[in-house]
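Everything on this sheet refers to the single structure shown next.
The values are calculated or read from the model by the stated rules, or taken from the named source; none is laboratory data. Predicted model only: the values in this text are computed from it and were never measured. Don't worry about glycine lacking a Cβ; one is built from the backbone with ideal geometry, like all the others, and counts go over all protein chains shown. Side chains included, ligands, DNA and RNA excluded: accessible areas come from the protein's heavy atoms. Shrake-Rupley method; radii C 1.70, N 1.55, O 1.52, S 1.80 Å.
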Amino acid sequence: MKIENSVALVTGANRGIGLAFARELLDRGARKVYVGARDPAAITQSGVQALRLDVNNPEDVSAAAALASDVTLVVNNAGIAQAGGFLAADSEEVARRIFETNFFAMLRMSKAFAPMLKANGGGALLNVLSVASWVNGGDLAAYSASKAAAWSLTNALRHELSAQKTQVLALHMAYVDTDLTRGFDVPKTSPEDIVKRALDGLESNLDEVLADELTQQVKLGMTAPRPSYLPQVD
């Protein structure tokens, strides 16, 4: 789809990747950009329409869908993470909390806005995923599992929404320089670069964008006889 003259909604848009999406959409000529956050007062970007949108709150999602009925692009960006493995004492509680935001909220938003996208010609869903959709080293165990589930959800939605001509794009990346990764001493890509590659892919009608070199290497490894990121067996 084309960004120019589109009407977009971005979740988790008060900072990081979400804020970068809002700015880039405006720069590319989107006619209107709705930006969602739990506290609309936290949204300071000019030229956007702020929405009170806690993606874990069904009432907020329903209200946003009623207000943003002209939407043609939904960017499911809202997400959370917490370090820790599955054998930690609180792992079940952590996993439920992370899955609620990273999987169930994405499902909730997609269901709520699919009818609007259909009514407005099809449009697109852009789901922000991760290289962690394919690998889980245990340090971010629940987060990785939630992104794997969200990837599966995205692939299913692509099939279910094809009849109404809704494009569904999966955005995968490794570490991005945001508040979420502030404590990680690893190479990071800027949110602006990730978003530019994502929207380039959307406008090229791609199903998937691998937004940095590490993600591309991991995906390539998945097609090898034995993925390169797994231990090699003699």
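Near Glu208, the amide H atoms lying under 5 Å from its own belong to Ala170; only residues 5 or more places off or on other chains count, and H is placed 1.01 Å from N. Here the Karplus relation 6.51 cos²θ - 1.76 cosθ + 1.60, evaluated at θ = phi - 60°, turns the backbone of the stretch 38-46 into coupling constants of 4, 10, x, 5, 6, 8, 10, 5, 7 Hz, with x for every Gly and Pro. Cα-based values for the stretch 47-137, radius of gyration first and Dmax second, are 15.3, 48 Å.
Overall dimensions of the chain, expressed as equivalent-ellipsoid semi-axes from the Cα gyration tensor (√(5λ), whole Å, largest first), are 28, 20, 17.
Pairs of Cα atoms nearer than 8 Å and 6+ residues apart set the relative contact order; for the chain it is 18 percent. Here the 3J(HN,Hα) profile of the stretch 85-98, calculated from phi with Karplus coefficients 6.51, -1.76 and 1.60 at θ = phi - 60°, is x, 6, 8, 5, 4, 9, 5, 5, 5, 5, 4, 4, 5, 5 Hz, Gly and Pro shown as x.
Which whole-number percent is the relative contact order of the stretch 41-131 (Cα, under 8 Å, 6+ apart)? Relative contact order, the stretch 41-131: 39 percent.
Amide hydrogen proximity for Gly84: with H placed 1.01 Å from N in the peptide plane, the residues at 5 or more positions away or on another chain lying under 5 Å are Leu140, Ala141. Which angle between 0 and 90 degrees, to the nearest 10, do you get for helix 191-203 versus the longest principal axis of the chain when only C-alpha atoms count? Here the helix axis deviates by roughly 70 degrees. Solvent-accessible area of Arg97, all protein chains in place: 110 Å² (probe radius 1.4 Å, heavy atoms, ligands and nucleic acids excluded).
Proximity of backbone amide H atoms, modeled 1.01 Å from N, is registered between Leu51 and Val35, Gly36, Ala37 at under 5 Å, excluding neighbours fewer than 5 places apart on the same chain. Across the cross-link table entries Lys147/Lys219; Lys165/Lys219; Lys2/Lys165; Lys2/Lys118, which are compared at the Cα atoms, the separations over 22 Å belong to Lys165/Lys219.
Glu93 contributes an accessible area of around 130 Å² to the protein surface, as traced by a 1.4 Å probe with all chains present. Here the stretch 7-221 is assigned +1 on the Cβ of each Lys and Arg and -1 on the Cβ of each Asp and Glu. Its dipole about the Cα centre then comes out at about 560 debye.
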